[in-house]
Amino acid sequence: MSEPIRPLVVIPTYQEAENIAVVLRRVRAAVPAATVLVVDDGSPDGTADLAEATGVEVGQVIVLRRPRKDGLGSAYRAGFERGLEMGHDVLVEMDADLSHDPGDLPRLLRAVAEGATLAIGSRYVPGGGTPHWAFHRRLLSRWGNRYAGLVLGLGVRDATAGFRAYRAEILEAIDYKTTRADGYAFQVEMAYRVRKVGGSITEVPISFSDRVRGTSKMSTRIVVEAMLLVTWWALRDRLLRRGR
Ligand SMILES: Nc1nc2c(ncn2[C@@H]2O[C@H](COP(=O)(O)OP(=O)(O)O)[C@@H](O)[C@H]2O)c(=O)[nH]1
Ligand SMILES: [Mg+2]
């Protein structure tokens, strides 16, 4: 039997006015007991106000308003800090653009309740996928993940995935506050740290949809940052090991 948990779903937003109400309603329908924390970076389109209004309708939604756009990694660091202060024992990462299906939340939470310290919603395990992606995008993501998995010894097929659930204790154990990366590199950095402290990681297959409304905030800079940081971490750790 799975133990009861107190999950917090952290949703970072920047310019998601077209999506936020729908995603909050669907999270509430999928996990009636979850608390949701929207971390908005001063979106000029009024995302934070819409999140608050929808929160009144669906209940248990908190909006953390930050003054300016500071990146995905920084938004999650702030969200985790708040969630741990509030005493949540499971912290979930999820995008606001409906690429992550709130209907998959119960499976992610079950994996954690059954013992994983980190459950990753994975596109690259059997049953998962990116059905709408163009060939070149699939190639970049798939090979980027193969490269990171190989040089860092992650044992994870989808380390850049941003739909995940962490046990509170593992976040404390990996000292998440000292992560520095943004975007895809942030996700890899977190998985790498969990692996290094010996935390168990389970990949739960998910289908990743393309956003229908609004625009992506990821850029070539974020992809290049991920590649450079992964290479740096792998080299650094090899040199350190040799120095011992
Ligand atoms: N708070 C905050 N959220 C962000 C920032 N950049 C992206 N996001 C959110 O992070 C999630 C993923 O971003 P998205 O643009 O969809 O990335 P993509 O799916 O890789 O194209 C979405 O919910 C965005 O609104 C940021 O600087 N601050
Ligand atoms: Mg997206």
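The values are calculated or read from the model by the stated rules, or taken from the named source; none is laboratory data. Given the structure is predicted, the values throughout are model-derived calculations rather than measurements. Ideal geometry is used to build each Cβ from the backbone, glycine not excepted, and the neighbour counts take in all protein chains shown. For the accessible areas, the whole protein counts, side chains as well, though only heavy atoms, and no ligand, DNA or RNA atoms are used. Shrake-Rupley method; radii C 1.70, N 1.55, O 1.52, S 1.80 Å.
Details
- Selection of the stretch 68-93 for residues being in a loop (DSSP other than H, G, I, E, B) and acidic (D, E) yields D70, D89.
- The set of residues in the stretch 105-116 being farther than 15 Å from H88 by Cβ and in contact with a strand residue (DSSP E or B) (Cβ under 6 Å, 6 or more places away or on another chain) consists of R107, A111, A116.
- Of all the listed residues (T47, T54, T13), the sole one being near ligand 1 (Cβ under 9 Å from one of its atoms) and over 18 Å from the mean Cα position of the chain (by Cα) is T47.
- Residue in the stretch 64-82 that is acidic (D, E), within 16 Å of ligand 2 (Cβ to nearest atom) and under 21 Å from A168 (Cα atoms) present: no
- Residue in the stretch 191-208 that is within 18 Å of the chain's Cα centre (by Cα), without any contact (Cβ under 8 Å) to a residue 12 or more places away in the chain and under 27 Å from S43 (Cβ atoms) present: no
- Scanning the stretch 89-100 for residues that are touching a Ser or Thr at 6+ places or on another chain (Cβ under 7 Å) and more than 9 Å from ligand 1 (Cβ to nearest atom) yields a single hit, L98.
- Residues that are among the acidic types (D, E) and within 16 Å of ligand 2 (Cβ to nearest atom), drawn from the stretch 171-185: D182
- Residue match in the stretch 50-63 (condition: surrounded by fewer than 18 Cβ atoms within 10 Å (Cβ to Cβ) and of a type in the set (S, T, N, Q)): yes
- Out of V230, V156, V204, V188, one residue alone is in a strand (DSSP E or B), of a type outside the set (S, T, Y), away from ligand 2 (no atom under 16 Å from the Cβ) and crowded, with 18+ Cβ neighbours inside 10 Å. It is V204.
- The stretch 144-153, residues that are among the hydrophobic types (A, V, I, L, M, F, W, C), in contact (Cβ under 8 Å) with a residue 40 or more places away in the chain and open to solvent by 10 Å² or more (accessible area, probe 1.4 Å): V151, L152
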